[in-house]
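**Student:** Following this message is one structure expressed as structure tokens.
What follows is calculated from the coordinates using simple rules that are stated; it is not laboratory data. Predicted model, so just to flag it, every value in this text is computed and none were measured. All Cβ positions, even for glycine, are placed from backbone atoms using ideal geometry, and neighbour counts span all protein chains on display.
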Amino acid sequence: MSAAAPPGDMPRWGWLGVLWLLVYLPVYQSAYGAQNFLFLCNIGVILTALALIARSRLLIASQAVAAPVIALAWAVDVGWKLVTGDFLYGATSYMWDPQYPLPARLLSLYHVAWPLLLWALLRRIGYDPRGWPLQALIAALAMLAGRWLAPAADNVNFAWTDPFLGRQLGPPALHLLLCWALLAGAAYGLTHWVLRRAFRPECG
């Protein structure tokens, strides 16, 4: 395990969070619309910026649970497109769509830098294991929002159809429960397990 910093050694990187929000929010709003902020990846990067501003270990831990899962899914879809010429499940099709401004598409490279930033932070402050249940709650709310606030065609957070079969897994409540259990239980559970072993637990 790597050593964690003492409680007062949280990096004063609030300026980075402010700078990111000042650039990211208007660019994404203009390119994709407000509904795009319902996606878990965008919720996550906003919460990370707020965590830097507030110097919140718990919020950082919660996004450290989510970021590797989201980044891997994003990178695999992009890589599949680069290698095969087609998408694995199409979540990154916007990266090749010229109707969206290039600066907005380039900003999506945050999917790669985001987990690396969080990893660097955890090396200094340790991992708060309460991040897993908090992120599980955030994911549940995001899936419900994707179902209630976004059209089915956008399939925000896979609230309407699963990413691989492209179908609803039973009645709406069952579909949401199954997708949430797979994400929050299996995927987030795995990153939680890795983080617990890589970093000394820190709470508070």
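**Student:** Consider L116 carefully, then state whether it is touching a residue at least 12 places away in the same chain (Cβ under 8 Å), hydrophobic (A, V, I, L, M, F, W, C) and surrounded by fewer than 15 Cβ atoms within 10 Å (Cβ to Cβ). Walk me through it before giving the result.
**Tutor:** Values: touching a residue at least 12 places away in the same chain (Cβ under 8 Å): no; hydrophobic (A, V, I, L, M, F, W, C): yes; surrounded by fewer than 15 Cβ atoms within 10 Å (Cβ to Cβ): yes.
It is false that L116 is touching a residue at least 12 places away in the same chain (Cβ under 8 Å), hydrophobic (A, V, I, L, M, F, W, C) and surrounded by fewer than 15 Cβ atoms within 10 Å (Cβ to Cβ).
**Student:** Here's something else I'd like to know. So which pairs qualify, if the first residue must be in segment 150-164 and touching a residue at least 40 places away in the same chain (Cβ under 8 Å), the second must be assigned to a helix (DSSP H, G or I) and of a type in the set (V, I, T), the Cβ gap must be under 8 Å, and the two must be at least 6 apart or on different chains?
**Tutor:** Matching pairs, first to second residue: A150/V156.
**Student:** Name the single residue, out of those in segment 39-89 being of a type in the set (K, R) and either in a helix (DSSP H, G or I) or crowded, with 19+ Cβ neighbours inside 10 Å (or both), that is nearest to the chain's Cα centre (by Cα). Please lay out each step first, then the result.
**Tutor:** Applying the first criterion (of a type in the set (K, R)) to segment 39-89 yields 55, 57, 81.
Next, from what is left, pick out any that are either in a helix (DSSP H, G or I) or crowded, with 19+ Cβ neighbours inside 10 Å (or both): 57, 81.
Working: R57: 17, K81: 21 Å.
Here the residue is R57.
**Student:** With under 16 Å from L107 (Cα atoms), of a type outside the set (A, V, I, L, M, F, W, C) and without any contact (Cβ under 8 Å) to a residue 60 or more places away in the chain as the only criterion, which of S93, S30 stands out?
**Tutor:** On the way: S30 fails: without any contact (Cβ under 8 Å) to a residue 60 or more places away in the chain.
The unique qualifying residue is S93.
**Student:** Checking R123 against (1) surrounded by fewer than 16 Cβ atoms within 10 Å (Cβ to Cβ); (2) more than 15 Å from F39 (Cβ to Cβ); (3) among the charged types (D, E, K, R); (4) within 19 Å of the chain's Cα centre (by Cα), only one condition comes out false. Which one?
**Tutor:** Only one criterion is unmet by R123, namely (4).
**Student:** Working carefully through the options R167, R197, R147, find the one that is of a type in the set (K, R), out of contact with any His (no Cβ under 6 Å at 6 or more places or on another chain), assigned to a helix (DSSP H, G or I) and more than 30 Å from P11 (Cα to Cα).
**Tutor:** Values: R167 fails: assigned to a helix (DSSP H, G or I); R197 fails: more than 30 Å from P11 (Cα to Cα).
So the residue among R167, R197, R147 that is of a type in the set (K, R), out of contact with any His (no Cβ under 6 Å at 6 or more places or on another chain), assigned to a helix (DSSP H, G or I) and more than 30 Å from P11 (Cα to Cα) is R147.
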